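The values are calculated or read from the model by the stated rules, or taken from the named source; none is laboratory data. Quick caveat, the model's predicted, so the values are computed rather than measured. Neighbour counts run over all protein chains shown; Cβ positions are idealised from the backbone, glycine included.
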Ligand SMILES: CC(=O)N[C@H]1[C@@H](OP(=O)(O)OP(=O)(O)OC[C@H]2O[C@@H](n3ccc(=O)[nH]c3=O)[C@H](O)[C@@H]2O)O[C@H](CO)[C@@H](O)[C@@H]1O
C-alpha cells in the first residue's frame, strides 16, 4: 500500500486525490494523510478513500512562533505513528506544509518517497524533501540544481479532466446559457484583493456580458451585496463547470488554476498573490505562462483597463488559446502513479 499526503488548500489536495485514484485504478491500495484544519478535513470524508488527519504546523517563519513550532513537532510524532502502523511501500507527497511530516518521517525510515511540485518553483517543504526523495516530479519544467535535476521528471499537474458545453455549464451554475461569461476565480480560499477590486470595474460590461465571481466561502456574505443583474457571486464553485462556462477568466496565480485554464483553453488574466505571502510561487506560475504568451499578467491595478480590453478582443483570446495548447497534457495523475509504483 501507498500513502499519498498533502493538502491544506485545493492546489495541493485535488492533484493528490487524482494521484490516489490513479494508484487505486492501477490496483494499489492507498491511504490519504492530510492535515487537521485543512480543506481535506471537509473533502476526504466524501472521497471514499481511507484517510487519516494529523496535525501539521506551517513551515516558514511561522514555525518559529511557539504554537506553530509545537504543531510541527506533534505532526512529525503522529506521522511516525501512522507510517509505522500502515507500513507503506512508498509515500507520495504533494508538497505544502500538510505533506511534509509523513514524507519526512518515511524518508528517514528508508521508505521510498516521491514528491510532486505543482508550482513553477520549489516550495519550502519540497526544497527540504527533494534531497531525501527518490524522484522529484514537476508540473512544469523548472530549473533545478544538478543533483535534483538528475532525479526529476515533468509529469504535469493532475487536473480534473471533465468538460461541459458552455450552455450546459452556464445553465447548471444558474447563469444565462447564452451570455458570454467572465469567470473570477480567487482560488481555494477566495481572494480578498480580487473581491475588493473587481465588481465595480466589471459592472460597466454587464450590458453584454455576465460575470461569475467565486469569492471564497468566508467572504460570501459580504460579496453577495455586490451582486447585480448578470453579476453572480458564489463562495465556492464546481470548477469543471465554471471553466466550461467561461470565455475568459481573472484569477490568482495558483498552479491548479493555471493548469485548469490550459486544460479548458480559457485565457486568463493572472493576478499573483503578493510575493511575501507565498515566496513568489504565484508570480513564477503566471510568469511561466505569460512568457509563453499563454496568459496575461497584471503587474499593477493601473494596467487593469488595458488588460481587460485586451481580453475583450476575440483575436487576443484566440491567440492565447492557441498558446495554451499542450501546457496541461492529460494523464498527469497516471504518469505520477506509474513513477510511485516504479520506486515502491
Ligand atoms: C495561498 C496559497 O498558498 N496558494 C497556493 C495554493 O493555492 P490554491 O489552493 O488556492 O490554488 P490552486 O489554484 O492551485 O488550486 C485551487 C483548486 O481549487 C479548485 N477550486 C477553487 C475554488 C472554487 O470555488 N472551486 C474549486 O474547485 C480549483 O479549481 C483548483 O483545482 O496551492 C497552489 C498549488 O500548490 C499554489 O500555486 C498556490 O500558491
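Name the one entry in 256, 270, 280, 287 that is within 8 Å of the ligand (Cβ to nearest atom) and outside the structural domain of residue 7 (by TED's automatic domain parsing).
Result of the check over 256, 270, 280, 287: 256.
For the stretch 153-171, indicate whether the set of residues that are surrounded by fewer than 24 Cβ atoms within 10 Å (Cβ to Cβ) and over 30 Å from residue 242 (Cα atoms) is non-empty.
Scanning the stretch 153-171 turns up at least one residue that is surrounded by fewer than 24 Cβ atoms within 10 Å (Cβ to Cβ) and over 30 Å from residue 242 (Cα atoms).
Somewhere in the stretch 169-189, is a residue outside the structural domain of residue 140 (by TED's automatic domain parsing), out of contact with any strand residue (DSSP E or B) (no Cβ under 7 Å at 6 or more places or on another chain), outside any helix (DSSP H, G or I) and without any contact (Cβ under 8 Å) to a residue 24 or more places away in the chain?
Within the stretch 169-189, one or more residues are outside the structural domain of residue 140 (by TED's automatic domain parsing), out of contact with any strand residue (DSSP E or B) (no Cβ under 7 Å at 6 or more places or on another chain), outside any helix (DSSP H, G or I) and without any contact (Cβ under 8 Å) to a residue 24 or more places away in the chain.
Tally time: how many residues in the stretch 181-208 are away from the ligand (no atom under 16 Å from the Cβ) and either buried (at least 17 other Cβ atoms within 10 Å of the Cβ) or under 15 Å from residue 226 (Cβ atoms) (or both)?
Counting residues in the stretch 181-208 that are away from the ligand (no atom under 16 Å from the Cβ) and either buried (at least 17 other Cβ atoms within 10 Å of the Cβ) or under 15 Å from residue 226 (Cβ atoms) (or both) gives 10.
Determine, yes or no, whether residue 322 is modelled with pLDDT under 95 and closer than 21 Å to residue 159 by Cβ. Show your work before the answer.
Numbers: modelled with pLDDT under 95: no; closer than 21 Å to residue 159 by Cβ: yes.
The answer is no for residue 322.
I'd like the residue in the stretch 98-140 that is more than 15 Å from the ligand (Cβ to nearest atom) and assigned to a loop (DSSP other than H, G, I, E, B) and, out of all such residues, is surrounded by the fewest Cβ atoms within 10 Å (Cβ to Cβ).
Checked the stretch 98-140; the qualifying residue surrounded by the fewest Cβ atoms within 10 Å (Cβ to Cβ) is 110.
Quick check on residue 10: is it more than 14 Å from residue 100 (Cβ to Cβ), in the same structural domain as residue 117 (by TED's automatic domain parsing) and touching a residue at least 60 places away in the same chain (Cβ under 8 Å)?
yes
Show the residue pairs meeting these rules: Cβ distance below 6 Å; 6+ apart or different chains; first residue within the stretch 231-243 and over 22 Å from residue 192 (Cβ atoms) and not assigned by TED's automatic domain parsing to the domain that holds residue 14; second residue more than 8 Å from the ligand (Cβ to nearest atom) and assigned to a helix (DSSP H, G or I).
241/169; 241/172; 243/264
So in the stretch 301-344, with the set limited to residues that are more than 23 Å from the chain's Cα centre (by Cα) and more than 20 Å from residue 271 (Cβ to Cβ), which one is surrounded by the fewest Cβ atoms within 10 Å (Cβ to Cβ)?
My answer is 315.
Pick from the stretch 228-253 the residues that are in a helix (DSSP H, G or I) and more than 11 Å from the ligand (Cβ to nearest atom): which of them is nearest to residue 322 (Cα to Cα)?
Looking at the filtered set, the residue picked out is 244.
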